[in-house]
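Heads up: the structure comes next, in structure tokens.
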Amino acid sequence: MAGFRDRGAAPVDLRVIPHPTVMLALEFGSSSTFVDDAAGSRQRGSFVAGLGAGHRGAVWVRGENFEGVQVRLSPVVARAALGVSPADLDGDVVTLDDLWGREASRIREQLDDAATWEQRFALTDELLARRCAAGPSVDPEVAWAWHRIVVSRGLARVEGLAAEVGWSRKRLWSRFQAQLGLPPKRAAKLVRFDHAVHRLAAGERAARVAADSGYVDQSHLHRDVVALTGATPATVADEPWLAVDDIAWTDTVGALLHRG
């Protein structure tokens, strides 16, 4: 979870880098952001970006003088937290008003009234915990398969996962796709890419990253990075939207960041 306050030095124009989570962006304050997707449509205000948003084409977040809280949700809990399956999002961007109705307006008002980032994080935690407790869970076999994909950094094979949970490959593919929004093979590709691109952003050499991350060769890694980020392995460290995990945010977008 992270909080943003744009300083307004220049309009923000950020590409959303595909990530193996469902992104929830809760906006508050007097200004608003816009999200432009690859299909040419524009969404305004708080939004949800489905698992791997941006993998079918560039998605951009644009705005100025805005404030917000960003939460990265595991696809295993996203259905309960959001009230919609990640499969229904299909990697697209949907406004929170469309998903939650009046509740989206209430959380915006509460975040706006909060005096500190700690209070905003606590409000967000409380909201998501309440929704998760009331929402549906995914099959334990699907949750286990997702866990194995993540801990293997995307190198787990679908056949092996199916054997581990005692399902056929076809059944695992079907249930995984229906509940998490991507088939296991594409999910593994997304996790592998995320691991590799963050190593590149940390300054590691592309040849070593490609060899360790399961890519056929360095050219294979290069193609993935260009397709999914618009940058090359050599320049991807300058992408500000990569600031999601334990890597420090750059200051290129003039935003004040708080972590929760």
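The values are calculated or read from the model by the stated rules, or taken from the named source; none is laboratory data. Note that this is a predicted model, so its numbers are computed, not measured. Positions of Cβ are backbone-derived with ideal geometry, glycine not excepted, and every protein chain shown enters the neighbour counts. We work out accessible area using only protein heavy atoms, side chains counted, and drop any ligands, DNA or RNA first. Shrake-Rupley method; radii C 1.70, N 1.55, O 1.52, S 1.80 Å.
What's the total number of residues in the range 198-224 that are under 25 Å from residue 90 (Cα atoms) and touching a helix residue (DSSP H, G or I) at 6+ places or on another chain (Cβ under 6 Å)?
Total satisfying the criteria: 2.
Among the numbered criteria (1) open to solvent by 20 Å² or more (accessible area, probe 1.4 Å); (2) closer than 27 Å to residue 116 by Cα, which one does residue 81 miss?
Just one mismatch for residue 81, condition (1).
With respect to residue 156, is the statement that it is touching a residue at least 24 places away in the same chain (Cβ under 8 Å) and within 24 Å of residue 215 (Cα to Cα) true? Don't jump to the end; show me each part of the working.
Working: touching a residue at least 24 places away in the same chain (Cβ under 8 Å): yes; within 24 Å of residue 215 (Cα to Cα): yes.
Considered against the rule, which asks whether it is touching a residue at least 24 places away in the same chain (Cβ under 8 Å) and within 24 Å of residue 215 (Cα to Cα), residue 156 comes out as yes.
So which residues in the range 110-169 are open to solvent by 70 Å² or more (accessible area, probe 1.4 Å), polar (S, T, N, Q) and farther than 20 Å from residue 22 by Cβ?
Across the range 110-169, the qualifying residues are 110, 119.
Residue by residue, here is whether (1) part of a strand (DSSP E or B); (2) touching a residue at least 12 places away in the same chain (Cβ under 8 Å); (3) among the basic types (Lys, Arg) holds:
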site	(1), (2), (3)
3	yes, yes, no
13	yes, yes, no
19	no, yes, no
25	yes, yes, no
34	yes, yes, no
40	no, no, no
43	yes, yes, no
52	no, yes, no
55	no, yes, no
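Which one of the conditions (1) more than 25 Å from residue 188 (Cα to Cα); (2) free of Cβ contacts under 8 Å to residues at least 60 places away in the same chain; (3) surrounded by 17 or more Cβ atoms within 10 Å (Cβ to Cβ); (4) of a type outside the set (Asp, Glu) does residue 96 fail to meet, given that it meets all the rest?
(2)
Might you check whether a residue that is at pLDDT 90 or above, touching a Lys or Arg at 6+ places or on another chain (Cβ under 8 Å) and not in a helix (DSSP H, G or I) occurs anywhere in the range 100-117?
Checking the range 100-117: at least one residue is at pLDDT 90 or above, touching a Lys or Arg at 6+ places or on another chain (Cβ under 8 Å) and not in a helix (DSSP H, G or I).
Take residue 69 and decide whether it is in contact with a Gly (Cβ under 6 Å, 6 or more places away or on another chain) and among the β-branched types (Val, Ile, Thr). Full working, then the answer.
Numbers: in contact with a Gly (Cβ under 6 Å, 6 or more places away or on another chain): yes; among the β-branched types (Val, Ile, Thr): yes.
Against the criterion (in contact with a Gly (Cβ under 6 Å, 6 or more places away or on another chain) and among the β-branched types (Val, Ile, Thr)), residue 69 qualifies.
Filter the range 185-222 down to the residues that are outside any helix (DSSP H, G or I) and open to solvent by 10 Å² or more (accessible area, probe 1.4 Å) and list them by number.
To start, the set of residues in the range 185-222 that are outside any helix (DSSP H, G or I) comprises 202-205, 213-217.
Passing the criteria: 202, 203, 204, 205, 214, 215, 216, 217.
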